[in-house]
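Worksheet: one structure, shown below.
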Amino acid sequence: MRIAIDLNVLMDVAQNRAAFYQDSEEVLARAREGEYEGVIFGHLVTTFYYLLAKFAGAAAANTAVDGLLADFAIVGADKQILANARKLPMIDFEDGVVAATADSCGCDYIVTRNAPDFAGSPVPAITPTDFLKLLSPRAPGQAAGGHAAT
């Protein structure tokens with residue numbers, strides 16, 4: 001299985017957002033462990049760096065981006081993907097780019113906390129909590145470890 005990981009999932013972990021951290025971290029951890037392939041889009045990496053540098057400083061942002069580059073597939077949007085995004089019946093262009101890119105690289109799901117924003121996406125959007133419900137439960141003592149968003 002291949003999933004697209006939206007920026008808000010990365011930020012939940014990087015900023016330790018209490019209400020969302022656990023499920024978002026488990027989605028990232030299980031991808032890092034190879035249970036499925038996690039895909040992050042190049043344009044989200046730059047935004048992630050910018051936001052994290054403002055929140056935690058450049059050193060933390062550099063470390064987190066290095067972790068993303070090491071642990072996840074990074075996919076870019078080309079002219080055709082951007083044109084496809086423009087044709088999608090979606091309100092937000094950036095969400096359309098995520099949807100069109102996820103479609104072009106064969107993702108099964110877009111994991112995001114803003115699933116309703118992806119109405120009209122060719123790839124189903126699902127929250128981290130709902131995505132984890134689709135997976136086999138972890139064995140006792142196999143909980144996700146507290147890594148940064150890497």
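Relative contact order for the chain: what percent, with Cα pairs under 8 Å and sequence separation of 6 or more?
31
Close amide H contacts of Ile110 (hydrogens built in the peptide plane, cut-off under 5 Å, sequence separation of 5 or more or a different chain): Ala4, Ala125, Ile126. Each label point was placed 7 Å from the Cα along the Cα-to-Cβ direction; for Ala56 and Arg2 their separation is 2.8 nm. The charge dipole of the stretch 1-147, taken about its Cα centre with unit charges on the Cβ atoms of Lys, Arg (+1), Asp and Glu (-1) only, comes to about 120 debye. Build a GNM of the chain with springs between Cα atoms under 10 Å apart, and of Arg138, Arg30, Arg113 the one that fluctuates most is Arg138. Were the residues from Asn114 through Glu33 laid out at 0.36 nm apart, the gain over their Cα-Cα distance would be 26.7 nm.
Assuming a ≥ b ≥ c are the square roots of the Cα gyration tensor eigenvalues, decide whether the stretch 1-116 counts as rounded (a/c under 1.5), prolate (otherwise, with a/b larger than b/c) or oblate.
Details: a/c = 1.61, a/b = 1.41, b/c = 1.14.
Since a/c reaches 1.5 and a/b is larger than b/c, the shape of the stretch 1-116 is classed as prolate.
What is the extension gain from Ile74 to Tyr49, computed as 0.36 nm multiplied by their sequence separation minus the C-alpha to C-alpha distance, in nm to one decimal? Write out the running numbers ahead of the final one.
Details: separation 25, 0.36 × 25 = 9.00 nm, distance 1.42 nm.
Result for the pair: 7.6 nm of gain on full extension.
Readers should treat all values here as calculations from the given coordinates under stated rules, not as data from a laboratory. Since the structure is predicted, the reported quantities are computational estimates derived from the model, not experimental observations. Glycine gets a Cβ as well: all are built from the backbone with ideal geometry, and neighbour counts include every protein chain shown.
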